[in-house]
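So the structure is just underneath, and the comments pick up after that.
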Amino acid sequence: MKKSNDISNNQPQGLSSLITTETFERFTYYGTRSTLLFYMYYSISSGGLNLSTSTAASIFSIFGSMVYLISVFGGYISDRFLGNQSTVSLGAILIIFGQIFLSIPFFNLYLLILSLIFLTFGTGLLKPTISSMIGNLYGINDKRQDSGFTYLMSGINLGALLSPIIIGFIGTHVNFHLGFLFGAISMTIGLLIYQRGKFKYINDDNIYPSNPIEPYDIKNILIKSSICLIGVFLISLLMFELGSFNINNLITFISVLIIIIPFLYFLFIFFSNKINAKEKHNLWIYLFLFISATMFWIIEEQGSTVFAMMANFNTNNNFHVNFYVLELILFLIFSIFILKNKLNIKRLLTCLSIFVFISICMYIFLNNLYIHIPSSWFQSINPLFILIYTPLFAMMWKKFHFSSIIKFSMGIGFAGLGCLFMLIPLIFLNSISNPIWILISIGIVSIGEMLISPIGLSVTNKLAPKYFKSQMMGMSYLSYASAQAINSQIIKYYYLSPATYFTILGIFGLSIGILLICIYFFIKK
């Protein structure tokens, strides 16, 4: 395969174009997430839809869950109909239209649902397929693959970091619909970059379906699809006749469906006559990791729901800028610079002059200044930590080698610790007004994400059966879907007792981590 200086001098050509496209898509997605929850429960006079906070949080979780559920559908479309390249383009176009519908200034629940449907299918088509395209850049047993997916994670988190700061601020402080319009513009830029760089990753694996649909398959697909649609229709009709067809029951029905589907799909792949004995063995290993990842994402997704509402209702986001603290930070920066460089008298005096000038400017303009941090910016905490942790973990993986199961168990353990950490302000201080508690808790959980997220993508690509590559990438995202479906049901218990809520999540996370370690040593023995 042709090589180029793509991101790194030992990475395949086309990696940077695909990662850039994914970065803009994540910028759009997380920008929408950073404002969507507030948009739903803010009053109409404040530009929102005036839904209750619990209903808004449930819809928000279901939206996130459906995005990843449809990822399996996206992988199926890619594997059997369109191929990777066309599937990504179609997904990007649907996302653009979904953002445009959200940007229309009509306060209508039906328009919201229509836009979320477009965003759900668009993201579901694009997200797993572009990961599969990156996997196809590498050969079998290519050791660069883990690094490639780590670069992908950096791009994802760069988009996730900047979007709440830009789109979140515009949405919550200027106009929600203008923020959503910025999301449409972002995805349009991503699509143009993707189309411009497509010559770099054109190969048979990315152009053509890996498991193309055959004429005799069409009848089976139509029968199965009809059965599913009729079943959903009959259940909805029964709910309507019983007078229980409302938004909360509909959310519950969708949640149960989303939790069941991953395991049904796993059985569908496992019993396919297109996979061999070795691939079946790999699927059993993958099932353990899938369940573990689901538990982790249940905890990690608290950041976009529970912590978001905490930041909006319970914390004091006004900060006083202290001149002496800024001066100390500036002094430390200049001291490190001077100690690391051999400076003569002239350069030393120049540095001191710059130090004095900046200090005077800070005293004039920043002393006794109060800064308000928008609630939407708290959504940037997790990707910020991921970007900080990435080079540290990259160095660590060069020196230490752990089994994927061990990494997963450690990741879930850190997620559990992050939940238990919140008991300090909730129980002992009886106050979460200081946002530092949220910051530290998310920082601990983010350590777990570094142990699970990039490794999970790489492991999925390695364990996926040959004829189900893109579908297995979609399958990996079903752990997100299941987690958010569960969150849509359990989030209501947070309002009953926040301390109990975090205690149960924390203990459950630690228990799963310990269980995984026991399973690992049992298998090894």
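The values are calculated or read from the model by the stated rules, or taken from the named source; none is laboratory data. For clarity, every value in this text was computed on a predicted model and none was experimentally measured. So basically every Cβ, Gly included, is an ideal-geometry build from the backbone, and we count neighbours across all protein chains shown. Ligands, DNA and RNA are excluded from the accessible area calculation, which covers all protein heavy atoms including side chains. Shrake-Rupley method; radii C 1.70, N 1.55, O 1.52, S 1.80 Å.
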Given +1 on the Cβ of Lys and Arg, -1 on the Cβ of Asp and Glu, and no further charges, what dipole in debye does the chain carry about its Cα centre, rounded to the nearest 20? 1420 debye
On average, how much accessible surface per residue is there in the range 1-154, in Å², for a 1.4 Å probe, leaving out ligands, DNA and RNA? 34 Å²
Nearest-0.05 FRET efficiency for Cys351 and Trp397 at R0 = 41 Å, using Cβ-Cβ distance, is 0.65
If you stretched the chain out fully between Phe169 and Ile371, how much longer would it get, using 0.36 nm times the residue separation minus the C-alpha to C-alpha distance? 71.3 nm
Highest mean packing first, using Cβ neighbours within 10 angstrom, the peptides 390-400, 258-268 sort as 258-268, 390-400
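Name the shape class, rounded, prolate or oblate, that the alpha-carbon gyration tensor gives for the range 373-525, where a ≥ b ≥ c are the square roots of its eigenvalues, rounded holds for a/c under 1.5, and otherwise prolate holds if a/b is larger than b/c and oblate otherwise.
prolate
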Compute the FRET efficiency between Ile360 and Leu332 as 1/(1 + (r/R0)^6), taking r as their Cβ-Cβ distance and R0 = 25 Å, and round to the nearest 0.05. 0.85
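How large is the helix-only mean residue ellipticity at 222 nm for the chain, computed as the sum of -39500 (n - 2.57) over DSSP H runs with n ≥ 4, divided by its residue count, in deg cm²/dmol to the nearest 500?
Calculated at 222 nm, the ellipticity per residue is -25500 deg cm²/dmol.
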Computed over the chain: relative contact order in percent, which uses C-alpha pairs under 8 Å that are six or more apart: 25 percent
Run the accessible area of the chain with a 1.4 Å probe and give the carbon-and-sulfur part as a rounded percent. 71 percent
For the range 395-442, take the alpha-carbon Rg, divide it by the Kirkwood Rh, and send me Rg/Rh. 1.19
To the nearest Å, what is the center-to-center distance of the range 79-106 and the range 430-489, using C-alpha atoms only? 23 Å
For the range 253-340: rounded, prolate or oblate by the Cα gyration tensor [a/c cutoff 1.5]: oblate
Flagged as over-length at 26 Å C-alpha distance, from Lys399/Lys524; Lys224/Lys280; Lys198/Lys466; Lys398/Lys466; Lys278/Lys469, the pairs are Lys398/Lys466
Give, in nm to one decimal, the length gained when the segment between Ile436 and Ile235 is fully stretched (0.36 nm per residue of separation minus the Cα-Cα distance). 67.7 nm
How far apart, in nanometres, would the label points at Ile388 and Ile406 be if each is projected 7 angstrom from Cα along the Cα-to-Cβ direction? 2.7 nm
Plugging the Cβ-Cβ distance of Leu192 and Phe73 into 1/(1 + (r/R0)^6) at R0 = 30 Å yields, to the nearest 0.05, a FRET efficiency of 0.75
Using 7 Å Cα-to-Cβ label points, what is the Phe268/Ile113 separation (nm, one decimal)? 2.5 nm
Mean 1/r over all different Cα pairs, inverted: what Kirkwood radius does the chain give, in Å? 24.6 Å
